[in-house]
1. Pick from the range 56-89 the residues that are exposed (fewer than 10 other Cβ atoms within 10 Å of the Cβ) and polar (S, T, N, Q): which of them is modelled with the lowest pLDDT?
2. Could you check, for the range 41-53, whether at least one of its residues is acidic (Asp, Glu), out of contact with any helix residue (DSSP H, G or I) (no Cβ under 6 Å at 6 or more places or on another chain) and modelled with pLDDT of 85 or more?
Amino acid sequence: MAVQETRSSGGNGFLYFAIGALIVAVGVLAWMFYKGETNRASEGTALERVADSVSDAADDIGDSARDAARNIPHPMPAPAPARPPATPG
């Protein structure tokens, strides 16, 4: 008696579809984010841009701290201590 073997595709169609969709999605996102930004060398490196941003933020914080220090009311001086009662003597 002969055994008949049948071969099926294994159901990998959905896996291939999902991987293809991910590749297309990454391509579309890359095109959207990098559209028109081919010459970035003239704008400076990313590290320089970050350093400028941090420097600007530090300046803003310093200005805010100076403004806040100017707006703090000065405390009232403490009253002089009371003199002890005079003793007859």
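The values are calculated or read from the model by the stated rules, or taken from the named source; none is laboratory data. Here the structure is a predicted model, which means the values were calculated and not measured. Note: ideal-geometry Cβ built from the backbone for every residue, glycine included; neighbour counts use all protein chains shown.
1. Here the residue is Thr87.
2. Yes, because at least one residue in the range 41-53 is acidic (Asp, Glu), out of contact with any helix residue (DSSP H, G or I) (no Cβ under 6 Å at 6 or more places or on another chain) and modelled with pLDDT of 85 or more.
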